[in-house]
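The structure under discussion is supplied below as structure tokens; questions concerning it will follow.
The values are calculated or read from the model by the stated rules, or taken from the named source; none is laboratory data. Keep in mind it's a predicted model, so treat the numbers as computed, not measured. Here Cβ is always computed from backbone atoms with ideal geometry, including for glycine, and neighbour counts include all displayed protein chains.
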Amino acid sequence: MAHPRFALKSSALLLGTLVLTGVASLLFAVATGSVPVRRHELWAILLGDRSAPNYILVTELRLPRALTAFACGGMLALAGALMQVLLRNPLADPYILGVSGGAAVGALSALLSGLGGLWLTGGAFIGAMLSMLLVFALTQGQGAWTPTRLLLTGVVVAAGWGAIISLILSLSPDTTLRGMIFWLLGDLSQASHPGLGVGTLVLGLLIALISARELNVLVFGELKARALGIGVDRLRLRLYVLASLLTAVAITIAGNIGFIGLIVPHLTRLVVSHDHRVLLPASALIGAIFLVIADTLARTVFSPVQLPVGVMTALIGVPLFLYLLRRSHH
């Protein structure tokens, strides 16, 4: 068994390395595109040189988009890590409680009505919150709720939202159909105000870390956690709500982006740690880096055509997840 001081130093070194990698991924995203930004010019812009030729390109387009991708990737990965330990299901992801379906119905309804901007964002968030409240209300019923009951209710509600989404797409005119599909597959092209996402990620991570020690005990079973004085029901409810809110904000900002919340926690457990004091921040950082790189590739690989970022995360995520399955089997 590793000495506690050595384990603490190695964890700090790991998280520090991930933070530096995250900064490097942001710089890579800002400098890469159809108009490349050279290193010396990039540093001048970041230091506030408004006379640089690409100042507006970096500060008003690329940097806000990269920061938004960073925040959304971190939120989805953190929500996925929480869902997997709370439901004790390795296939759980941030969308498993139907939050994404509700957000999609709200956003697509706004687009079908010819609305955009704040109406689109507000519709997505209201739909996500409605879905979360519906799942919890149906799960509670007339008795105590359980993770299995919550999971099954979420799957059923998600299926219902899926049917409504199909109906909306069937009724939509061709002029709005492309925008709807882009939103459903994940789209960061409209990102301009990253403050909401970054603030939500930081706050959510702090709240999750407060419960990290309790999660370490909960992994060994509910009975042991209760015997050690942990309020399991309150813990689960608090973190379910937190994971749902993180997912709702990420979907509201960027649309449906798959695989991050599913594969990043698995990858983190395999190569980093099972200790949630390390797992949660590491998952958030790896998810953030993953989405920043995926979004950069989505807008540059087939430039000037931009792919929905969800397509790129799936192209990367499918073979990576199969590799993780094969490795965990061996």
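Would you mind telling me which numbered condition in (1) under 22 Å from R238 (Cα atoms); (2) in contact with a helix residue (DSSP H, G or I) (Cβ under 9 Å, 6 or more places away or on another chain) L112 fails?
Unmet for L112, out of (1) under 22 Å from R238 (Cα atoms); (2) in contact with a helix residue (DSSP H, G or I) (Cβ under 9 Å, 6 or more places away or on another chain): (1).
Among the residues of region 11-55, write down those that are over 21 Å from I293 (Cα atoms), surrounded by fewer than 14 Cβ atoms within 10 Å (Cβ to Cβ) and within 28 Å of the chain's Cα centre (by Cα).
A12, L13
Next up: From L67, L76, L63, which residue is part of a helix (DSSP H, G or I), modelled with pLDDT of 90 or more, within 15 Å of T313 (Cβ to Cβ) and among the hydrophobic types (A, V, I, L, M, F, W, C)?
L76
OK, next. Here is a list: A288, A250. Which entry is surrounded by 24 or more Cβ atoms within 10 Å (Cβ to Cβ), of a type outside the set (K, R) and more than 13 Å from P94 (Cβ to Cβ)? Walk me through it before giving the result.
Working: A250 fails: more than 13 Å from P94 (Cβ to Cβ).
One residue alone meets the criteria, A288.
Moving on to the next point. If G197 satisfies all but one of (1) assigned to a loop (DSSP other than H, G, I, E, B); (2) of a type outside the set (K, R); (3) crowded, with 18+ Cβ neighbours inside 10 Å, what's the number of the condition it fails?
Only one criterion in (1) assigned to a loop (DSSP other than H, G, I, E, B); (2) of a type outside the set (K, R); (3) crowded, with 18+ Cβ neighbours inside 10 Å is unmet by G197, namely (1).
Sticking with this one: When you go through L307, L315, L297, L325 one by one, which is the residue that is in contact with a helix residue (DSSP H, G or I) (Cβ under 7 Å, 6 or more places away or on another chain), at pLDDT below 90 and surrounded by fewer than 24 Cβ atoms within 10 Å (Cβ to Cβ)?
Checking each option against the conditions leaves just L307.
Hey, among A71, A104, A66, A77, which residue is of a type outside the set (S, T, Y), more than 21 Å from T139 (Cα to Cα) and in contact with a Ser or Thr (Cβ under 6 Å, 6 or more places away or on another chain)? Write out each step before concluding.
Numbers: A71 fails: in contact with a Ser or Thr (Cβ under 6 Å, 6 or more places away or on another chain); A104 fails: in contact with a Ser or Thr (Cβ under 6 Å, 6 or more places away or on another chain); A66 fails: in contact with a Ser or Thr (Cβ under 6 Å, 6 or more places away or on another chain).
Of the residues listed, the single one that is of a type outside the set (S, T, Y), more than 21 Å from T139 (Cα to Cα) and in contact with a Ser or Thr (Cβ under 6 Å, 6 or more places away or on another chain) is A77.
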